[in-house]
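Accompanying notes for the structure given below.
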Amino acid sequence: MKRLRPERWGGQLLTAPRRTTSRGASRCLRQQQCLARSLPRAFSSSATHFTAASKHEEIEYEDGEIETIEEDVKSPSKSPTPAFIPPHPNKTSSKLGALHARLRLPPLLPQETLARTLIDPSANSKSDCNNATLAQLGGSIIAFHVSEWLLVTYPRLPMTVLFAASYAYSGPKTLQLIGKEWGVETAAAPGNEVDPGFLQFKKLAPGTELAGGGPTDRHAATRRDKAYFRRGVSSRVVYDDEFGDIIPKKDNRNASVPTEEAYASFVKAVVGAIQLHAGREEAKAFVKDHILSRHLAINSLFQFQEPVRELSRLCAREGFEHPIARILSETGRLSRHPVFVVGIFSGKDKLGEGSGASLLEARTRAAVATLKSWYLYSPGQDARVPSDMEDETKKHEKWEPVHIDMGEVIH
Amino acid sequence: MVIRAIRKPTTGQNGVGAFILQCKRLEFHYCDWAGSSKGMNSFIKSRLGNFARLNPSIEIAISPRPSKHPVIRGHYINGREKSICVRNLDENQILKKAELLRDASGEKLKVVKKPVKSLNESVRGIWSPFHKPDGTGMTV
């Protein structure tokens, strides 16, 4: 789970001078990398509001390379600057107002900020006019709420499935779907004359080759880049992004962005804007309503390689009796369509059941069903998540620790 | 690595959690001269303001369409649009048509035969001859 530091990203919206303690050492690597990616594009033209604490920030990549980021160190502006410079001060838009009402955004969130969330850094590189900082903040909030909900609701999910589930809830593809389901359309090209109710970004030219998603596992990464060695899955929590993907070393700083990315940063920026203007609880409720309420059959994310073997290792680890597959019933053994129903038993307990056209298939299906019923244990959909304790009304209640599982079987 | 994961996005369920009204834009077209727009013109003058206030999540556009019948056109989030010609209708009838467009989902009209549509699998599972509630399933 990620630690939230909103004061770092919402810099332009908060007029109070920011603390300049030494933060380089305490910053988590992933945040450094995220910042490193967003900084050059977001803060390239004007860094007047962004005051960097240290001159150099060092990032250690997984393969041991160290990259030093040079940040512009500028003194905080002396004259009191306005908290927010609206992108189109004289423009009102019925599209924007309708979007505000459609999302039931809190009235504290002004339309100027909503207009700003619709401007991608590729459309306007001024950091106080585009959504880069808001998206950074909102993305962290979304990732935090999704991961805490997943960890509490499905404490036994294997790491790879956990990453896939958080990708399903808050990955760029899903955020693009959400943005489209909000009725937001894209402007053909960014510009001052565009209605502020459109999503503005510089579109990729037709025929541009997309970078494609990062490799999702170690084998894929090795295949792609022979020289690149990855540690185990657990290292992804530290080194990789919230979906377990490698964070690209170099941002290709190409001005154009894919539509998916533009929509994703818009949705993230809306969450960030709600957090800044209306508060934590509102942002949490928004994430719950719009992102966590979506439908996902988590049992369809699993892909087992050797379920029978894994099940026997699991039983050995948990101290159950060795699992034995027994035929429960069968029909048409000698016919063209035989059906076998096989149950997996550990002592007298039946752990799972599956049917198939051959004995082996039925046993494999039964093992898969057993493993899924183990990994998908859930204390309930309404289990209390850690951030619930931040609610003022619940502060007096006693915190019951969530179930922390040993983790998946490794063999 | 033994367990691999399949990546897929989640499916939206409008109304579970947040509800998004599917009609995003209504266009009202009128003609100053033609008699068939008489009701539309008085609707725009007297009723439309209130209608817009009650439905802030719809973007409303008014534009003339000279020498043509008056039309209300709704644009929906799924990208489709619906148009209703409101020639010779009075204010109340036009309001009804506007509400009809507001409440539509934008989908093509289709016959709904089953009362419940669900994304979840059936709780009962697929029927099997081996399992019967009284324990007298098929034995071989």
Next on the checklist: Restricting to the stretch B:15-24, count the residues that are assigned to a loop (DSSP other than H, G, I, E, B) and at the interface with chain A (Cβ under 7 Å from one of its Cβ atoms).
Outcome noted: 5
Checklist entry - What are the residues in the stretch A:362-390 that are more than 24 Å from A:Val342 (Cα to Cα), in a loop (DSSP other than H, G, I, E, B) and either over 23 Å from the mean Cα position of the chain (by Cα) or of a type outside the set (D, E, K, R) (or both), if any? => result A:Ser378, A:Pro379, A:Gly380, A:Gln381, A:Ala383, A:Val385
Item to check | Residues within the stretch A:287-325 that are free of Cβ contacts under 8 Å to residues at least 40 places away in the same chain, part of a strand (DSSP E or B) and at the interface with chain B (Cβ under 7 Å from one of its Cβ atoms), tallied | outcome: 2
Checklist outcome for this item: Of the listed residues (B:Ser122, B:Ser63), the one being within 30 Å of A:Arg294 (Cβ to Cβ) and open to solvent by less than 90 Å² (accessible area, probe 1.4 Å) is B:Ser122
Item to check | Candidates A:Leu108, A:Leu103, A:Leu177, filtered to the one that is touching a helix residue (DSSP H, G or I) at 6+ places or on another chain (Cβ under 6 Å) and surrounded by fewer than 23 Cβ atoms within 10 Å (Cβ to Cβ) | outcome: A:Leu108
Next on the checklist: Of everything in the stretch B:36-58, what is in contact with a Lys or Arg (Cβ under 9 Å, 6 or more places away or on another chain) and more than 13 Å from chain A (Cβ to nearest Cβ)? Give them in sequence order.
Outcome noted: B:Ser36, B:Ser37, B:Gly39, B:Met40, B:Phe51
Next on the checklist: Return the residues of the stretch A:283-308 that are open to solvent by 60 Å² or more (accessible area, probe 1.4 Å) and either at pLDDT below 95 or among the polar types (S, T, N, Q) (or both); say none if nothing qualifies.
Outcome noted: A:Gln303, A:Gln305, A:Glu306
Checklist entry - Pairs under 8 Å by beta carbon, first residue outside any helix (DSSP H, G or I) in the stretch A:153-178, partner basic (Lys, Arg), six or more apart or different chains? => result A:Gly171/B:Arg7
Item to check | Of residues in the stretch A:93-123 being outside any loop (DSSP other than H, G, I, E, B) and small (Gly, Ala, Ser), the one nearest to B:Ile77 (Cα to Cα) | outcome: A:Ala98
Checklist entry - Mind checking whether some residue in the stretch A:134-152 is touching a residue at least 12 places away in the same chain (Cβ under 8 Å), surrounded by fewer than 21 Cβ atoms within 10 Å (Cβ to Cβ) and within 14 Å of chain B (Cβ to nearest Cβ)? => result no
Checklist entry - Where residues in the stretch B:67-117 are in a strand (DSSP E or B) and among the hydroxyl-bearing types (Ser, Thr, Tyr), which of them is nearest to the chain's Cα centre (by Cα)? => result B:Tyr76
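The values are calculated or read from the model by the stated rules, or taken from the named source; none is laboratory data. Note that the structure is a prediction, hence the values are computed from the model and not measured. In this analysis, Cβ positions are derived from the backbone assuming ideal geometry, glycine residues included, and neighbour counts consider all displayed protein chains. Remember, those area values only see protein heavy atoms, side chains included, never the ligands or the DNA or RNA. Shrake-Rupley method; radii C 1.70, N 1.55, O 1.52, S 1.80 Å.
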